[in-house]
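Accompanying notes for the structure given below.
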Amino acid sequence: MATAAPSAASRIAVVTGASSGIGAATARQLAAAGYRVVLTARRKDRIEALAEEITKAGHQATAYALDVTDRAAVDEFATAFKTIGVLVNNAGGALGADPVATGDPADWRQMYETNVIGTLNLTQALLPKLIASGDGTVVVVSSTAGHGTYEGGAGYVAAKHGAHVLAETLRLEIVGRPVRVIEIAPGMVKTDEFALTRFSGDKEKAEKVYEGVAEPLTADDVADTITWAVTRPSHVNVDLVVLRPRAQASNTKVHREL
Ligand code: 8X3
C-alpha cells in the first residue's frame, strides 16, 4: 500500500507537546514523511532546538511556544494558518498514582485540563482550518488508560477516557466533512519524562514502572504508528489503534523478568 503524500493545502502538521517523548518523535517522523511540522509546547528552548534539528536534516519545521490550556493563546496561534492538514493532540500526561480515597483533586483537575480541555482547545480552534484543507486529520493520542482502569490510576484514567470520548464523538459529529479522527492509545511507553512527571521527579518510583519489562514501547514506536495512520490514503480512517509492548497483556498484566 502506497503512503499518501500530503497535498499543498494539507502539508502543515501541528504537534502539541512536541518538546519531548512521543510528541518530539512524531514531529521528526511527520517531517520526514513530507509534512511541514509546527512544534508546540510550553518549553520554547526545546522546541526551537528540535525545529533546528529537523530543518538541518533537510525537512521543514517551526516552533511556537504554546500552553494548550490557555484558550486565548490557542486562538491567537490558530490565526497564523489558512489551512492545516494534521493536528496531533499529544500534550498531556499523568500526575500521581494515588487511590481514589486519597488522590489530590488539584492533580485530577490539572489532568483533565491538559488531556481533555487542551485537546478540545486545539481541536476547536483548528477544525475550520482542517476542513478548509479539504483533507484534514485530527489525531488524539489517548492511552490504554482511556480504555480500562487500574488501581491508583483513576485521575489519569478518567482524563484519558475523556480524550477517548472526545475523539469518538467528534468522528460522529463531523462525518461528511473532509476530516478524519484517529485515536492512538499506547500502553507502556518508556519516555524521558512521563513517569518522572507522574511521580514528581522521584527517579526511583519512575524506574519501578518499567522494572523488569523486557522492552517497553519507545516514543519512536508510537510515532511510527501515528505516522502510519496519518499517511494512509485520505478515505481510510484508522479509528483507533491500541498498542502495547509484547510484555504487557493488559493494563494490569505485565510480564516482568525480576
Ligand atoms: C500511559 C499508560 O499504563 O501508565 O498512558 O496508564 S499507563
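Annotations for the structure displayed:
- Cross-link table LYS82/LYS190; LYS56/LYS190; LYS44/LYS190; LYS129/LYS190, entries beyond 30 Å C-alpha to C-alpha: LYS82/LYS190; LYS129/LYS190
- Simple Cβ-charge dipole of the chain, Lys/Arg +1 and Asp/Glu -1, about Cα centre, in debye nearest 20: 620 debye
- Translational D in µm²/s for the chain (Stokes-Einstein at 25 °C, 0.890 mPa s, Kirkwood Rh from C-alpha pairs): 134 µm²/s
- The Cα atoms of region 2-102 cover 51, 30, 27 Å along the three principal axes, with the biggest extent listed first.
- Around the Cα centre of region 171-239, unit charges on the Cβ atoms of Lys, Arg, Asp and Glu (plus for the first two, minus for the last two) sum to a dipole of about 360 debye.
- Folded to 0 to 90 degrees: helix 219-230 orientation relative to the chain principal axis, Cα: 40 degrees
- GLU173/GLU76 FRET efficiency (R0 30 Å; Cβ-Cβ; nearest 0.05): 0.75
- Note on region 60-191: Rg/Rh from C-alpha atoms, Kirkwood Rh, equals 1.00.
- P(r) histogram, all alpha-carbon pairs of region 136-243 included - 10 Å bins from 0, percent: 14, 40, 32, 12, 2
- Estimated from helical segments only, the mean residue ellipticity of the chain at 222 nm is -12000 deg cm²/dmol, where each DSSP H run of four or more residues counts as -39500 (n - 2.57).
- Cβ-derived FRET efficiency at R0 35 Å, LYS203 paired with ALA32, nearest 0.05: 0.65
- Remark: region 73-117 is approximated by an ellipsoid whose semi-axes, taken from the C-alpha gyration tensor as √(5λ), come to 32, 11, 6 Å, largest first.
- Sequentially through region 244-257, phi angles give Karplus couplings (6.51, -1.76, 1.60; θ = phi - 60°) of 9, x, 4, 6, 10, 8, 7, 4, 10, 10, 10, 7, 10, 9 Hz, Gly and Pro residues having no value and appearing as x.
Values in this text are rule-based calculations from the coordinates and carry no lab data. As the structure is a prediction and not an experimental result, all values here were calculated from the model. Heads up, the Cβs are rebuilt from the backbone with ideal geometry, glycines too, and the neighbour counts pull from every protein chain shown.
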